[in-house]
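A.B. asks: Take a look at the following structure, please.
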Amino acid sequence: MAAAAAAAARGCERVWRRAWWRGAADAFPAPARAVACNARGGAAPAGESGLASWVPVVGLEIHVQISSNSKLFSGSQVQFAAPPNSLVSFFDASLPGTLPVLNRRCVEAAVMTGLALNCSINKKSLFDRKHYFYADLPAGYQITQQRVPIAVNGSLSYSLCIDNKMSQMVTKTVRIKQIQLEQDSGKSLHDDARSQTLVDLNRAGVGLMEVVTEPDMCCGEEAAAAVRELQLILQTLGSSQAIMAEGQLRVDANVSVHHPGEPYGVRTEVKNINSVRFLAKAVDYEIQRQIEELENGGTILNETRSFDSKLGCTVPMRDKEGKQDYRFMPEPNLPPLILYDAKSLPVNMNHQQVVNIDWIRERLPDLPSVKRAKLVELYGILPEHSFTLLNEDGLAEYFENVIKQTQMKPKKVIGWILNDLLSYLKQHALTVKDSPVSSFLLADLLNLLERREISSSAAKQVMAIKVGNQKVLNKLIGLVQRATRGRSNPVLVKQILEKKLSE
């Protein structure tokens, strides 16, 4: 395990150096930064101090909300931003006598995700009760899979840039320890002004997959790249929408540092990170905080911390020195979850009442890595361009729609989409799906450009106007005024231009 972590840290040297300087470096004095910037896998001097370098170790626990119309064990609807406590069944509220009924859709989503992550699917998995007491957990326990989870021993491959150059990418792999099904808790809303806490149970009982990785990463950028790739996989599968802004994908990062060849250090857990960018910053900050603490003769506490995005640092939440006893026990109201494959499926079994692993495997869609390879092979674009096409929701489909409707070569089309269209959309905070420049319009413009009926500057002006750049529209009105020597009506000219551009 230590050798694997050291190897990962060696590969992360340049990434970690750049990620740290871009992140929270200014929060620490220069000597501490010198140690952090030399974090690598093998022992090496750290500047003039002569201190051995540190090996950061990062593992993740990723909580994924399953895309399902109802909750994991009840028929309550799942809906974001519904009125408080409007989607709560008797079971969700833990009223006496209510029993859980397992949601088949959630099981299938977990199996699908496990297969996509190269996991072994357990044909028999078990549910457990994890006891802890909090206001938004009315039962006093969470139903999870502690002993025998639904999927184990997988892997996730992801790519990241070296020195921020898209043309220099390296592929890495993080091992997946397990995927388990579990309930989400409710939500506590703290009203400091009135010194009270309000509880919303709409989220209580929503189906989650917890994806637990091995500690194979060594910096924030690696963690962020892995989570981003997982997010794309989940969205491709349809097992989760994985919208982090809506809490559908939340990350807990476990971080520690140690000298090469020594046992792992004491780890801290940074909880509930809801942004890929914040994840990178939180991990890098926590690595540097621990290095500085140890270099100054301090000790690292086994504690839970949160990331303050405004301050750019992690802050303590609670310590884990007195380890909490969750009193795990088998869930008495749920039998073992039995799955089948083509060989073990009984002949007389109703297929609608079982989950067939092989049936799900046969219907897996092309994963992002396969899609990227196909884009490069079909259209001759650069590998780094294929990453951008898939990272922006809907952009790959947009690109292929343009290709079908234009005579321009794909290598030229990709330049227009990535350099011009995306730039305009980001300036106006628009998504690809909300783009006022349809694939048909862009293809039409590119065809005119190929036939040399318009110039590239004219095509760019049309795109700029379509996304709402009034300065360009006013410039065109001015050109018409100049051509007509001021005899045209500016209002009428504007109306005509807007009508023509909307056709």
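The values are calculated or read from the model by the stated rules, or taken from the named source; none is laboratory data. Everything numeric here is computed off the predicted structure, so don't read it as measured data. Positions of Cβ are generated from backbone atoms using ideal geometry, with glycine treated the same way; all protein chains shown enter the neighbour counts. The area values use the complete protein model at the heavy-atom level, side chains included, leaving out ligands, DNA and RNA. Shrake-Rupley method; radii C 1.70, N 1.55, O 1.52, S 1.80 Å.
A.B. asks: Residue check: is N333 closer than 24 Å to G140 by Cβ and either at pLDDT 95 or above or not β-branched (V, I, T) (or both)?
C.D. replies: Answer is yes for this residue.
A.B. asks: Return yes or no: is L378 modelled with pLDDT of 95 or more, farther than 23 Å from N164 by Cα and among the aliphatic types (A, V, I, L, M)?
C.D. replies: Yes; evaluated as a whole, the condition is true for this residue.
A.B. asks: If you don't mind, another one. So is L473 within 18 Å of Q405 (Cβ to Cβ), buried (at least 17 other Cβ atoms within 10 Å of the Cβ) and within 39 Å of the chain's Cα centre (by Cα) or not?
C.D. replies: Judged against the criteria, L473 is not a match.
A.B. asks: Let me ask something additional. Scanning the stretch 489-498 for residues that are modelled with pLDDT of 75 or more and loosely packed, with under 13 Cβ neighbours inside 10 Å, which turns out farthest from the chain's Cα centre (by Cα)?
C.D. replies: N489
A.B. asks: Taking the condition outside any loop (DSSP other than H, G, I, E, B), at pLDDT below 95, at negative phi and open to solvent by 40 Å² or more (accessible area, probe 1.4 Å), does R318 pass?
C.D. replies: So R318 passes the test.
A.B. asks: Quick one: H190 ticks every box in (1) surrounded by fewer than 18 Cβ atoms within 10 Å (Cβ to Cβ); (2) touching a Pro at 6+ places or on another chain (Cβ under 7 Å) bar one, so which box is it?
C.D. replies: For H190, the failing item is (2).
A.B. asks: Go through the stretch 455-470 and give me each residue that's in a loop (DSSP other than H, G, I, E, B) and open to solvent by less than 50 Å² (accessible area, probe 1.4 Å).
C.D. replies: V467, G468, N469
A.B. asks: Moving on. Looking at this structure, is V437 touching a Lys or Arg at 6+ places or on another chain (Cβ under 6 Å), of a type outside the set (G, A, S) and part of a loop (DSSP other than H, G, I, E, B)?
C.D. replies: yes
A.B. asks: Six or more apart or on different chains, Cβ under 8 Å: which pairs go from a residue in the stretch 93-119 that's without any contact (Cβ under 8 Å) to a residue 24 or more places away in the chain to one that's part of a helix (DSSP H, G or I) and open to solvent by less than 40 Å² (accessible area, probe 1.4 Å)? Could you list them?
C.D. replies: Within 8 Å, no pair qualifies.
A.B. asks: To continue, here is another question. Pairs only if they're at least six apart or on different chains, beta carbon under 7 angstrom, first in the stretch 398-417 and closer than 14 Å to L382 by Cβ and free of Cβ contacts under 8 Å to residues at least 60 places away in the same chain, second open to solvent by 30 Å² or more (accessible area, probe 1.4 Å) and not aliphatic (A, V, I, L, M); list them, first residue then second.
C.D. replies: Listed by first residue and then by second, the contacts come to P410/Y379; P410/G380; K411/G380; I414/H385.
A.B. asks: Does R327 count as touching a strand residue (DSSP E or B) at 6+ places or on another chain (Cβ under 7 Å), charged (D, E, K, R) and not in a loop (DSSP other than H, G, I, E, B)?
C.D. replies: No.
A.B. asks: Name the pairs: first residue in the stretch 364-378 and part of a helix (DSSP H, G or I), second residue small (G, A, S), Cβ to Cβ under 7 Å, at least 6 apart or on different chains?
C.D. replies: Final answer for the pair search is S369/S157; K371/A396; R372/S386; L375/S386; L375/A396; V376/S386.
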